[in-house]
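Student: Pasting in a structure now, in C-alpha coordinates, and then I'll have a few things to ask.
The values are calculated or read from the model by the stated rules, or taken from the named source; none is laboratory data. Every value quoted in this text rests on a predicted model; they were computed, and no experiment measured them. Every residue, glycine among them, receives a Cβ derived from its backbone with ideal geometry; neighbour counts consider all protein chains shown. Surface accessibility is based on the protein's heavy atoms, side chains included, excluding ligands, DNA and RNA. Shrake-Rupley method; radii C 1.70, N 1.55, O 1.52, S 1.80 Å.
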Amino acid sequence: MTDAHTANPSATARAAALRTRLEALSDTSASGPKATGPAQLVRAPGRVNLIGEHTDYNEGLVLPAAIDREIWIAFQPWKRPEVELTSIEMNETKSFAFEGLAPGARADRSWIDYVAGTAWAMREAGLPLRGFRGVMNSTVPVGSGLSSSAALEMASSWALAVPGAPRPDAGAMAAIAQRAENRYVGVNCGIMDQFASAAGRAGHALLIDCRINQFKATPMPADLSMVVCNTGSPHRLDATAYNTRRSECELGVKLIAEREPGVTALRDVDEAMLERNRDRLPEIVARRCEHIVQEDGRVMATVAALRDGDREALGRLFAASHASLRDLYEVSSPELDAMVEIAVAVPGVVASRMTGAGFGGCTVNLVEQGAEEALRDAVLAQYQKRTGLEPHVYIVTAVDGAGEVNQGA
Ligand code: ADP
Ligand code: MG
(Lines give C-alpha, C1' and ligand atoms only; values in the text may rest on other atoms or scores of the structure.)
(Ligands and ions follow the chains in the order given, each with its own letter.)
Protein backbone atom coordinates (compact mmCIF):
# COMPACT_ATOMS: atom_id res chain seq x y z
CA MET A 1 0.00 0.00 0.00
CA THR A 2 1.13 3.52 -0.67
CA ASP A 3 0.92 5.90 2.24
CA ALA A 4 -2.29 7.89 2.60
CA HIS A 5 -0.74 9.89 5.44
CA THR A 6 1.19 12.22 3.17
CA ALA A 7 -0.14 15.57 2.00
CA ASN A 8 -3.42 15.76 0.10
CA PRO A 9 -2.84 16.14 -3.68
CA SER A 10 -4.73 18.92 -5.46
CA ALA A 11 -7.98 18.03 -7.19
CA THR A 12 -6.43 18.76 -10.58
CA ALA A 13 -3.39 16.52 -9.96
CA ARG A 14 -5.61 13.79 -8.69
CA ALA A 15 -8.04 13.89 -11.60
CA ALA A 16 -5.15 13.91 -14.10
CA ALA A 17 -3.41 10.92 -12.47
CA LEU A 18 -6.61 8.88 -12.44
CA ARG A 19 -7.48 9.71 -16.04
CA THR A 20 -4.01 8.66 -17.19
CA ARG A 21 -4.34 5.33 -15.40
CA LEU A 22 -7.79 4.77 -16.84
CA GLU A 23 -6.64 5.56 -20.39
CA ALA A 24 -3.75 3.13 -20.02
CA LEU A 25 -6.24 0.39 -19.08
CA SER A 26 -8.45 1.14 -22.06
CA ASP A 27 -5.45 0.92 -24.43
CA THR A 28 -4.36 -2.49 -23.24
CA SER A 29 -7.82 -3.93 -23.58
CA ALA A 30 -8.86 -2.72 -27.01
CA SER A 31 -10.41 -6.10 -27.64
CA GLY A 32 -12.37 -5.92 -24.38
CA PRO A 33 -15.96 -4.74 -23.94
CA LYS A 34 -16.63 -1.38 -25.50
CA ALA A 35 -16.94 1.62 -23.24
CA THR A 36 -20.14 3.54 -23.80
CA GLY A 37 -19.09 7.02 -22.84
CA PRO A 38 -16.35 9.41 -21.84
CA ALA A 39 -14.40 8.95 -18.60
CA GLN A 40 -16.27 10.18 -15.55
CA LEU A 41 -15.16 11.04 -12.04
CA VAL A 42 -16.91 10.58 -8.72
CA ARG A 43 -15.71 11.24 -5.19
CA ALA A 44 -16.72 10.46 -1.61
CA PRO A 45 -15.22 11.82 1.60
CA GLY A 46 -14.19 10.11 4.82
CA ARG A 47 -15.50 11.61 8.02
CA VAL A 48 -14.49 12.58 11.51
CA ASN A 49 -17.01 12.44 14.33
CA LEU A 50 -16.91 15.51 16.58
CA ILE A 51 -19.05 13.94 19.30
CA GLY A 52 -21.77 11.32 19.81
CA GLU A 53 -19.85 8.04 20.00
CA HIS A 54 -21.58 4.64 19.89
CA THR A 55 -24.91 6.47 19.88
CA ASP A 56 -25.85 5.74 16.25
CA TYR A 57 -26.89 2.13 16.88
CA ASN A 58 -28.83 3.29 19.94
CA GLU A 59 -31.03 5.50 17.72
CA GLY A 60 -29.29 8.55 19.16
CA LEU A 61 -27.50 11.68 17.95
CA VAL A 62 -24.13 12.07 16.27
CA LEU A 63 -22.18 15.09 15.01
CA PRO A 64 -19.72 14.11 12.26
CA ALA A 65 -18.23 16.19 9.45
CA ALA A 66 -17.24 14.92 6.00
CA ILE A 67 -13.55 15.78 5.55
CA ASP A 68 -11.14 16.51 2.71
CA ARG A 69 -9.74 12.98 2.82
CA GLU A 70 -11.50 11.30 -0.07
CA ILE A 71 -11.81 8.31 -2.36
CA TRP A 72 -12.05 9.18 -6.06
CA ILE A 73 -13.04 6.82 -8.86
CA ALA A 74 -12.42 7.56 -12.54
CA PHE A 75 -14.45 5.19 -14.70
CA GLN A 76 -15.87 4.45 -18.10
CA PRO A 77 -19.34 2.97 -18.19
CA TRP A 78 -19.72 -0.08 -20.40
CA LYS A 79 -22.62 -2.25 -21.52
CA ARG A 80 -21.58 -5.35 -19.57
CA PRO A 81 -23.35 -5.97 -16.25
CA GLU A 82 -19.96 -6.09 -14.54
CA VAL A 83 -17.52 -3.93 -12.64
CA GLU A 84 -13.76 -4.01 -12.97
CA LEU A 85 -11.98 -1.71 -10.53
CA THR A 86 -8.33 -1.00 -9.75
CA SER A 87 -7.31 0.31 -6.32
CA ILE A 88 -4.07 2.22 -6.67
CA GLU A 89 -3.39 1.95 -2.93
CA MET A 90 -3.89 -1.81 -2.90
CA ASN A 91 -2.18 -2.16 -6.29
CA GLU A 92 -4.87 -4.61 -7.29
CA THR A 93 -7.58 -5.02 -9.92
CA LYS A 94 -10.76 -6.86 -8.94
CA SER A 95 -14.02 -7.53 -10.71
CA PHE A 96 -17.53 -8.87 -10.13
CA ALA A 97 -20.69 -9.46 -12.14
CA PHE A 98 -24.13 -8.18 -11.14
CA GLU A 99 -25.66 -11.55 -11.83
CA GLY A 100 -25.86 -13.78 -8.77
CA LEU A 101 -24.79 -11.09 -6.27
CA ALA A 102 -25.88 -12.27 -2.82
CA PRO A 103 -24.43 -11.90 0.68
CA GLY A 104 -23.93 -15.64 1.00
CA ALA A 105 -22.21 -15.88 -2.38
CA ARG A 106 -19.44 -13.35 -1.82
CA ALA A 107 -16.99 -13.91 -4.60
CA ASP A 108 -14.05 -12.47 -2.78
CA ARG A 109 -13.23 -11.70 0.84
CA SER A 110 -11.51 -8.46 -0.07
CA TRP A 111 -12.02 -4.74 -0.59
CA ILE A 112 -14.12 -5.32 -3.74
CA ASP A 113 -16.85 -6.69 -1.44
CA TYR A 114 -17.60 -3.11 -0.34
CA VAL A 115 -18.30 -2.27 -4.00
CA ALA A 116 -20.13 -5.50 -4.80
CA GLY A 117 -22.14 -5.16 -1.58
CA THR A 118 -23.17 -1.64 -2.57
CA ALA A 119 -24.32 -2.97 -5.97
CA TRP A 120 -26.24 -5.75 -4.22
CA ALA A 121 -27.92 -3.38 -1.74
CA MET A 122 -28.80 -0.87 -4.48
CA ARG A 123 -30.42 -3.59 -6.56
CA GLU A 124 -32.30 -4.87 -3.49
CA ALA A 125 -33.62 -1.32 -3.07
CA GLY A 126 -34.91 -1.40 -6.64
CA LEU A 127 -32.25 0.86 -8.16
CA PRO A 128 -30.90 0.11 -11.65
CA LEU A 129 -27.13 -0.47 -11.99
CA ARG A 130 -24.57 0.34 -14.64
CA GLY A 131 -21.35 -1.55 -15.20
CA PHE A 132 -18.00 0.19 -15.53
CA ARG A 133 -14.26 -0.15 -15.65
CA GLY A 134 -12.58 2.17 -13.18
CA VAL A 135 -9.51 3.23 -11.26
CA MET A 136 -9.62 4.65 -7.76
CA ASN A 137 -7.28 6.43 -5.42
CA SER A 138 -7.70 7.50 -1.83
CA THR A 139 -6.36 9.85 0.80
CA VAL A 140 -8.45 8.31 3.59
CA PRO A 141 -6.12 6.24 5.77
CA VAL A 142 -7.41 2.67 5.83
CA GLY A 143 -8.71 1.24 9.08
CA SER A 144 -7.99 4.37 11.13
CA GLY A 145 -11.55 5.25 12.03
CA LEU A 146 -11.96 7.94 9.35
CA SER A 147 -14.34 5.69 7.41
CA SER A 148 -12.50 4.68 4.31
CA SER A 149 -15.07 1.88 4.04
CA ALA A 150 -18.02 4.27 3.91
CA ALA A 151 -16.17 6.48 1.41
CA LEU A 152 -15.61 3.43 -0.80
CA GLU A 153 -19.30 2.50 -0.60
CA MET A 154 -20.55 6.00 -1.34
CA ALA A 155 -18.13 6.59 -4.22
CA SER A 156 -19.19 3.21 -5.64
CA SER A 157 -22.86 4.13 -5.32
CA TRP A 158 -22.30 7.14 -7.57
CA ALA A 159 -20.38 5.16 -10.17
CA LEU A 160 -22.96 2.35 -10.15
CA ALA A 161 -26.01 4.64 -10.43
CA VAL A 162 -27.68 4.94 -13.81
CA PRO A 163 -27.76 8.62 -14.79
CA GLY A 164 -31.26 10.02 -14.89
CA ALA A 165 -32.70 7.29 -12.65
CA PRO A 166 -34.28 8.64 -9.46
CA ARG A 167 -31.69 8.82 -6.68
CA PRO A 168 -32.77 8.34 -3.06
CA ASP A 169 -31.87 11.23 -0.72
CA ALA A 170 -28.61 11.10 1.25
CA GLY A 171 -30.18 9.45 4.31
CA ALA A 172 -31.80 6.70 2.24
CA MET A 173 -28.63 6.18 0.20
CA ALA A 174 -26.66 5.93 3.46
CA ALA A 175 -29.06 3.26 4.70
CA ILE A 176 -28.48 1.28 1.48
CA ALA A 177 -24.69 1.50 1.91
CA GLN A 178 -24.98 0.58 5.60
CA ARG A 179 -26.95 -2.50 4.57
CA ALA A 180 -24.15 -3.40 2.16
CA GLU A 181 -21.63 -3.23 5.00
CA ASN A 182 -23.87 -5.02 7.54
CA ARG A 183 -25.25 -7.78 5.38
CA TYR A 184 -22.83 -8.24 2.50
CA VAL A 185 -19.44 -7.45 4.06
CA GLY A 186 -20.59 -8.61 7.48
CA VAL A 187 -19.58 -5.58 9.59
CA ASN A 188 -22.32 -4.60 12.01
CA CYS A 189 -21.78 -0.80 11.84
CA GLY A 190 -24.31 1.96 12.54
CA ILE A 191 -25.38 4.50 9.92
CA MET A 192 -23.19 7.47 10.88
CA ASP A 193 -20.24 6.88 8.54
CA GLN A 194 -22.25 6.41 5.38
CA PHE A 195 -24.55 9.29 6.28
CA ALA A 196 -21.68 11.71 6.83
CA SER A 197 -20.00 10.69 3.58
CA ALA A 198 -23.28 11.03 1.67
CA ALA A 199 -24.64 14.25 3.15
CA GLY A 200 -21.57 16.29 4.16
CA ARG A 201 -21.63 20.05 3.65
CA ALA A 202 -18.57 22.29 3.23
CA GLY A 203 -17.82 24.27 6.39
CA HIS A 204 -20.41 22.35 8.41
CA ALA A 205 -20.80 19.44 10.77
CA LEU A 206 -23.96 17.34 10.52
CA LEU A 207 -26.26 16.79 13.46
CA ILE A 208 -27.76 13.43 12.53
CA ASP A 209 -30.73 11.94 14.31
CA CYS A 210 -30.15 8.21 13.80
CA ARG A 211 -33.70 7.36 14.86
CA ILE A 212 -35.32 9.08 11.90
CA ASN A 213 -32.32 9.33 9.52
CA GLN A 214 -32.62 13.09 9.24
CA PHE A 215 -29.92 15.70 9.63
CA LYS A 216 -29.31 19.39 10.11
CA ALA A 217 -26.10 21.10 8.99
CA THR A 218 -24.33 23.01 11.78
CA PRO A 219 -21.79 25.68 10.76
CA MET A 220 -18.27 25.14 12.06
CA PRO A 221 -16.85 28.33 13.65
CA ALA A 222 -14.60 29.94 11.01
CA ASP A 223 -11.84 30.59 13.56
CA LEU A 224 -11.52 26.99 14.74
CA SER A 225 -9.63 24.28 12.84
CA MET A 226 -10.19 20.55 12.96
CA VAL A 227 -7.05 18.51 13.50
CA VAL A 228 -7.08 14.71 13.48
CA CYS A 229 -4.28 12.82 15.25
CA ASN A 230 -3.80 9.20 14.23
CA THR A 231 -2.40 7.01 17.03
CA GLY A 232 -1.08 4.50 14.50
CA SER A 233 -2.31 1.95 16.98
CA PRO A 234 -2.69 -1.52 15.50
CA HIS A 235 -5.38 -2.78 17.87
CA ARG A 236 -8.70 -1.35 16.76
CA LEU A 237 -11.99 -2.19 18.38
CA ASP A 238 -12.58 -5.64 16.96
CA ALA A 239 -15.90 -6.99 15.82
CA THR A 240 -16.35 -9.06 18.97
CA ALA A 241 -15.84 -6.14 21.35
CA TYR A 242 -18.09 -3.93 19.22
CA ASN A 243 -20.84 -6.55 19.12
CA THR A 244 -20.50 -7.08 22.89
CA ARG A 245 -21.12 -3.36 23.45
CA ARG A 246 -24.14 -3.53 21.18
CA SER A 247 -25.64 -6.47 23.04
CA GLU A 248 -24.97 -4.84 26.41
CA CYS A 249 -26.99 -1.85 25.22
CA GLU A 250 -29.75 -4.15 23.95
CA LEU A 251 -29.89 -5.94 27.27
CA GLY A 252 -30.18 -2.58 29.04
CA VAL A 253 -33.13 -1.66 26.81
CA LYS A 254 -34.84 -5.00 27.42
CA LEU A 255 -34.52 -4.79 31.23
CA ILE A 256 -35.57 -1.14 31.43
CA ALA A 257 -38.52 -1.73 29.08
CA GLU A 258 -39.92 -4.38 31.43
CA ARG A 259 -40.78 -1.57 33.82
CA GLU A 260 -40.97 1.42 31.47
CA PRO A 261 -43.51 0.97 28.69
CA GLY A 262 -42.63 2.52 25.34
CA VAL A 263 -38.84 2.15 25.66
CA THR A 264 -37.51 0.57 22.46
CA ALA A 265 -33.98 2.02 22.37
CA LEU A 266 -31.61 3.86 24.73
CA ARG A 267 -32.74 7.00 22.90
CA ASP A 268 -35.93 6.73 24.97
CA VAL A 269 -34.07 6.62 28.29
CA ASP A 270 -33.05 9.74 30.22
CA GLU A 271 -30.81 9.97 33.27
CA ALA A 272 -33.69 9.91 35.77
CA MET A 273 -35.17 6.80 34.15
CA LEU A 274 -31.80 5.10 34.15
CA GLU A 275 -31.30 5.87 37.84
CA ARG A 276 -34.67 4.51 38.90
CA ASN A 277 -33.97 1.28 36.99
CA ARG A 278 -30.32 0.90 37.88
CA ASP A 279 -30.96 -1.88 40.41
CA ARG A 280 -32.38 -4.05 37.61
CA LEU A 281 -29.23 -3.84 35.50
CA PRO A 282 -25.98 -5.75 35.80
CA GLU A 283 -23.35 -3.21 36.86
CA ILE A 284 -21.48 -3.31 33.54
CA VAL A 285 -24.71 -2.83 31.55
CA ALA A 286 -25.64 0.15 33.73
CA ARG A 287 -22.31 1.80 32.94
CA ARG A 288 -22.69 1.24 29.19
CA CYS A 289 -26.20 2.74 29.32
CA GLU A 290 -24.98 5.70 31.37
CA HIS A 291 -22.47 6.60 28.64
CA ILE A 292 -25.07 6.46 25.87
CA VAL A 293 -27.74 8.38 27.78
CA GLN A 294 -25.33 11.19 28.70
CA GLU A 295 -23.61 11.28 25.30
CA ASP A 296 -26.80 12.29 23.49
CA GLY A 297 -27.04 15.30 25.83
CA ARG A 298 -23.41 16.22 25.09
CA VAL A 299 -24.14 16.22 21.35
CA MET A 300 -26.88 18.83 21.75
CA ALA A 301 -24.70 20.89 24.12
CA THR A 302 -21.85 20.78 21.58
CA VAL A 303 -24.14 22.08 18.82
CA ALA A 304 -25.00 25.04 21.08
CA ALA A 305 -21.34 25.61 22.02
CA LEU A 306 -20.30 25.62 18.34
CA ARG A 307 -23.04 28.13 17.57
CA ASP A 308 -21.91 30.38 20.44
CA GLY A 309 -18.18 29.82 19.89
CA ASP A 310 -18.02 28.78 23.57
CA ARG A 311 -14.48 27.39 23.93
CA GLU A 312 -14.80 26.48 27.58
CA ALA A 313 -17.92 24.41 26.93
CA LEU A 314 -16.37 22.67 23.92
CA GLY A 315 -13.33 21.69 25.97
CA ARG A 316 -15.46 20.43 28.84
CA LEU A 317 -17.82 18.44 26.58
CA PHE A 318 -15.02 16.75 24.62
CA ALA A 319 -13.21 15.91 27.88
CA ALA A 320 -16.38 14.46 29.40
CA SER A 321 -17.06 12.37 26.30
CA HIS A 322 -13.52 11.02 26.30
CA ALA A 323 -13.62 10.18 30.01
CA SER A 324 -16.97 8.46 29.60
CA LEU A 325 -15.71 6.37 26.66
CA ARG A 326 -12.63 5.48 28.72
CA ASP A 327 -14.28 4.73 32.08
CA LEU A 328 -17.92 3.80 31.38
CA TYR A 329 -17.92 2.40 27.85
CA GLU A 330 -14.31 1.16 28.10
CA VAL A 331 -13.33 1.62 24.45
CA SER A 332 -10.36 3.98 24.80
CA SER A 333 -6.73 2.82 24.90
CA PRO A 334 -3.47 4.02 26.49
CA GLU A 335 -2.49 5.43 23.08
CA LEU A 336 -5.71 7.42 22.66
CA ASP A 337 -5.46 8.68 26.24
CA ALA A 338 -1.83 9.75 25.68
CA MET A 339 -2.76 11.56 22.46
CA VAL A 340 -5.49 13.53 24.24
CA GLU A 341 -3.22 14.35 27.20
CA ILE A 342 -0.55 15.70 24.85
CA ALA A 343 -3.07 17.78 22.90
CA VAL A 344 -4.87 19.45 25.78
CA ALA A 345 -1.58 20.77 27.17
CA VAL A 346 -0.89 22.71 23.94
CA PRO A 347 -1.89 26.39 24.04
CA GLY A 348 -4.63 27.02 21.47
CA VAL A 349 -6.07 23.51 21.64
CA VAL A 350 -9.70 24.05 22.61
CA ALA A 351 -11.03 20.48 22.76
CA SER A 352 -9.71 16.95 22.26
CA ARG A 353 -11.18 13.46 22.43
CA MET A 354 -10.99 10.01 20.89
CA THR A 355 -13.16 9.63 17.78
CA GLY A 356 -14.64 6.56 16.12
CA ALA A 357 -15.34 3.17 17.63
CA GLY A 358 -12.18 3.10 19.75
CA PHE A 359 -9.22 1.05 21.04
CA GLY A 360 -7.10 2.65 18.33
CA GLY A 361 -7.56 5.02 15.44
CA CYS A 362 -7.71 8.78 15.85
CA THR A 363 -8.43 11.69 18.13
CA VAL A 364 -10.34 14.77 16.97
CA ASN A 365 -9.19 18.21 18.08
CA LEU A 366 -10.69 21.69 17.80
CA VAL A 367 -7.87 24.17 17.62
CA GLU A 368 -7.62 27.96 17.39
CA GLN A 369 -6.67 28.96 13.89
CA GLY A 370 -2.90 29.35 13.85
CA ALA A 371 -2.25 26.76 16.57
CA GLU A 372 -2.44 23.72 14.26
CA GLU A 373 1.31 23.44 13.82
CA ALA A 374 1.93 23.76 17.56
CA LEU A 375 -0.30 20.74 18.07
CA ARG A 376 1.46 18.83 15.31
CA ASP A 377 4.87 19.69 16.81
CA ALA A 378 3.82 18.57 20.30
CA VAL A 379 2.45 15.27 18.99
CA LEU A 380 5.54 14.57 16.89
CA ALA A 381 7.84 15.46 19.81
CA GLN A 382 6.06 13.51 22.55
CA TYR A 383 3.77 10.77 21.30
CA GLN A 384 6.28 8.29 19.95
CA LYS A 385 8.43 8.64 23.09
CA ARG A 386 5.44 7.77 25.22
CA THR A 387 4.00 4.92 23.17
CA GLY A 388 6.65 3.68 20.76
CA LEU A 389 4.21 4.25 17.87
CA GLU A 390 4.50 6.66 14.97
CA PRO A 391 1.69 9.25 14.94
CA HIS A 392 0.19 11.09 11.95
CA VAL A 393 -1.44 14.49 12.11
CA TYR A 394 -4.00 15.68 9.55
CA ILE A 395 -5.35 19.22 9.42
CA VAL A 396 -8.76 18.74 7.83
CA THR A 397 -11.68 20.82 6.61
CA ALA A 398 -15.35 19.98 6.29
CA VAL A 399 -16.38 19.28 2.70
CA ASP A 400 -19.45 18.42 0.65
CA GLY A 401 -20.74 14.85 0.58
CA ALA A 402 -20.23 12.30 -2.20
CA GLY A 403 -21.05 13.08 -5.81
CA GLU A 404 -19.77 13.67 -9.30
CA VAL A 405 -16.59 15.68 -9.70
CA ASN A 406 -17.24 18.43 -12.16
CA GLN A 407 -15.24 17.69 -15.27
CA GLY A 408 -13.44 21.02 -15.18
CA ALA A 409 -11.40 19.66 -12.23
P1 ADP B 1 -12.23 2.50 8.25
O2 ADP B 1 -13.57 2.59 7.61
O3 ADP B 1 -12.20 3.05 9.63
O4 ADP B 1 -11.14 3.09 7.42
P5 ADP B 1 -12.74 -0.31 7.96
O6 ADP B 1 -12.08 -1.51 8.49
O7 ADP B 1 -14.18 -0.11 8.23
O8 ADP B 1 -11.88 0.95 8.41
O9 ADP B 1 -12.59 -0.32 6.36
C10 ADP B 1 -11.34 -0.53 5.76
C11 ADP B 1 -11.50 -1.39 4.52
O12 ADP B 1 -12.07 -0.63 3.42
C13 ADP B 1 -10.18 -1.89 3.97
O14 ADP B 1 -9.76 -3.07 4.64
C15 ADP B 1 -10.51 -2.16 2.51
O16 ADP B 1 -11.19 -3.38 2.36
C17 ADP B 1 -11.49 -1.03 2.19
N18 ADP B 1 -10.75 0.13 1.62
C19 ADP B 1 -10.55 1.33 2.19
N20 ADP B 1 -9.78 2.13 1.40
C21 ADP B 1 -9.47 1.40 0.31
C22 ADP B 1 -8.69 1.65 -0.87
N23 ADP B 1 -8.08 2.83 -1.06
N24 ADP B 1 -8.60 0.67 -1.78
C25 ADP B 1 -9.23 -0.52 -1.58
N26 ADP B 1 -9.94 -0.81 -0.50
C27 ADP B 1 -10.09 0.13 0.45
MG1 MG C 1 -15.34 1.62 8.31
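Student: Grab the other residues whose beta carbon is less than 9 angstrom from that of Arg276, score K and R as +1, D and E as -1, and report the net.
Tutor: Neighbour charge sum, excluding Arg276 itself: -1.
Student: Further question: Given springs between every Cα pair under 10 Å in a Gaussian network model of the chain, which of Ala170, Ala105, Ala150 has the largest fluctuation?
Tutor: Sorting by GNM fluctuation, first place goes to Ala105.
Student: Of Gly203, Ala174, Pro163, whose Cα points farthest to the positive end of the dipole of the chain (charges on the beta-carbon: +1 Lys, Arg; -1 Asp, Glu; origin at the Cα centre)?
Tutor: Toward the positive end, the furthest listed residue is Pro163.
Student: Take Glu404 and Glu82, extend 7 Å from each Cα along the Cα→Cβ direction, and tell me the distance between the two endpoints in nm.
Tutor: 2.6 nm
Student: Find, among the GluC sites (Glu not before Pro) in the stretch 76-185, those assigned to loop by DSSP (not H, G, I, E, B) with at most 11 other beta-carbon atoms within 10 angstrom.
Tutor: When the GluC sites (Glu not before Pro) of the stretch 76-185 are filtered for loop state and at most 11 Cβ neighbours within 10 Å, Glu99 remain.
Student: A further question follows. If each residue of separation counts as 0.36 nm, what is the full-extension length gain between Ala319 and Glu390 once their alpha-carbon separation is subtracted?
Tutor: Residue separation times 0.36 nm, minus the Cα-Cα distance, leaves 23.2 nm.
Student: OK, next. With every atom except the alpha carbons ignored, what do you get for Rg and Dmax of the stretch 224-396, in angstroms?
Tutor: Gyration radius and largest Cα-Cα distance of the stretch 224-396: 17.6, 54 Å.
Student: Quick check: the distance between the Cα centres of the stretch 329-374 and the stretch 134-175, to the nearest angstrom?
Tutor: 27 Å
Student: Out of Ser148, Ser87, Ser110, any idea which swings most in a Gaussian network model of the chain, alpha carbons joined below 10 Å?
Tutor: Ser110
Student: Which translational diffusion coefficient, to the nearest whole µm²/s, is obtained for the stretch 277-343 from the Stokes-Einstein equation, given a Kirkwood hydrodynamic radius over C-alpha pairs, 10 °C and 1.306 mPa s?
Tutor: Estimated via Stokes-Einstein, D reaches 122 µm²/s.
Student: At q = 0.11, 0.13, 0.20, 0.26 Å⁻¹, work out log10 I(q)/I(0) for the stretch 57-141 with the Debye formula, treating every Cα as an identical point scatterer and leaving solvent out; two decimals please.
Tutor: For the requested q values the scattering log ratios are -0.38, -0.52, -1.01, -1.28.
Student: How fast does the chain diffuse by Stokes-Einstein, in µm²/s, taking the Kirkwood radius from C-alpha pairs at 25 °C and 0.890 mPa s?
Tutor: In µm²/s, the coefficient is 112.
Student: With the calculation restricted to Cα positions, what are the radius of gyration and Dmax of the stretch 150-219 in angstrom?
Tutor: 12.1, 35
Student: Enter the accessible area of Arg353 (Å², nearest 10), with the probe set to 1.4 Å and all protein chains included.
Tutor: So the heavy atoms of Arg353 present about 0 Å² to solvent.
Student: Give the span of the stretch 156-264's Cα atoms along each principal axis, as three whole-Å numbers ordered largest to smallest.
Tutor: 47, 39, 32
Student: Right, another one. Given the options Leu206, Leu61, Leu389, state which has the largest fluctuation in a GNM of the chain using a 10 Å cut-off (strictly under) for Cα springs.
Tutor: Greatest mean-square fluctuation among the candidates belongs to Leu389.
Student: Continuing with the same structure: Residue separation times 0.36 nm, minus the C-alpha to C-alpha distance between Asp377 and Glu330: what's the value?
Tutor: Gain on stretching Asp377 to Glu330: 14.0 nm.
Student: Calculate, for Arg311 and Arg21, the FRET efficiency according to 1/(1 + (r/R0)^6) with r their C-beta to C-beta distance and R0 56 Å; round to the nearest 0.05.
Tutor: After rounding, the FRET efficiency stands at 0.80.
Student: Now for a separate question. Based on the Cβ-Cβ distance from Ala13 to Glu250, what FRET efficiency comes out when R0 is 60 Å, to the nearest 0.05?
Tutor: 0.80
Student: Just add up the charged neighbours of Ala11: K/R +1, D/E -1, any other residue whose Cβ is under 12 Å from the Cβ of Ala11.
Tutor: Here the charged neighbours net out to 0.
Student: Enumerate the residues in the stretch 72-98 having an amide nitrogen under 13 Å from the point lying 7 Å beyond the Cα of Val142 toward its Cβ.
Tutor: 86-94
Student: Please state the relative contact order of the chain as a whole percent: Cα pairs under 8 Å, 6+ residues apart?
Tutor: 22 percent
Student: Could you give the Stokes-Einstein D for the stretch 101-222 in µm² per second, using the C-alpha Kirkwood radius, 20 °C, 1.002 mPa s?
Tutor: The estimated diffusion coefficient comes to 143 µm²/s.
Student: Summarise the accessible area of the stretch 52-152 (1.4 Å probe, protein heavy atoms) by the percent that is carbon and sulfur.
Tutor: About 45 percent, which is the carbon plus sulfur part of the accessible surface.
Student: To the nearest 500 deg cm²/dmol, what mean residue ellipticity at 222 nm is calculated for the chain from DSSP H runs of n ≥ 4 alone, each contributing -39,500 (n - 2.57), summed and divided by the residues?
Tutor: Calculated at 222 nm, the ellipticity per residue is -12500 deg cm²/dmol.
Student: Taking the Cβ-Cβ separation of Val187 and Arg259 as r and a Förster radius of 25 Å, what is the calculated FRET efficiency to the nearest 0.05?
Tutor: 0.15
Student: Also: Please list 135-141, 398-404, 264-270 highest first by mean number of surrounding beta-carbon atoms within 10 Å per residue.
Tutor: Highest-to-lowest ranking by the protection proxy: 135-141, 398-404, 264-270.
Student: Treat each spin label as a single point 7 Å out from the Cα along the C-beta direction, and report the Asp169 to Ala345 distance in nm.
Tutor: 4.8 nm
Student: Mind checking the full-extension length gain between Met90 and Gln369? Use 0.36 nm per residue of separation minus the Cα-Cα distance, one decimal, nm.
Tutor: Length gained, Met90 through Gln369: 96.9 nm.
Student: In the neighborhood of Met173, defined by Cβ-to-Cβ distances under 10 Å, what is the net charge if each Lys or Arg adds +1 and each Asp or Glu adds -1?
Tutor: Here the charged neighbours net out to -1.
Student: Moving to a separate point now. When ligands, DNA and RNA are left out and all protein chains stay put, how many square angstrom of accessible area per residue does the chain have with a 1.4 Å probe?
Tutor: Accessible area per residue, the chain: 40 Å².
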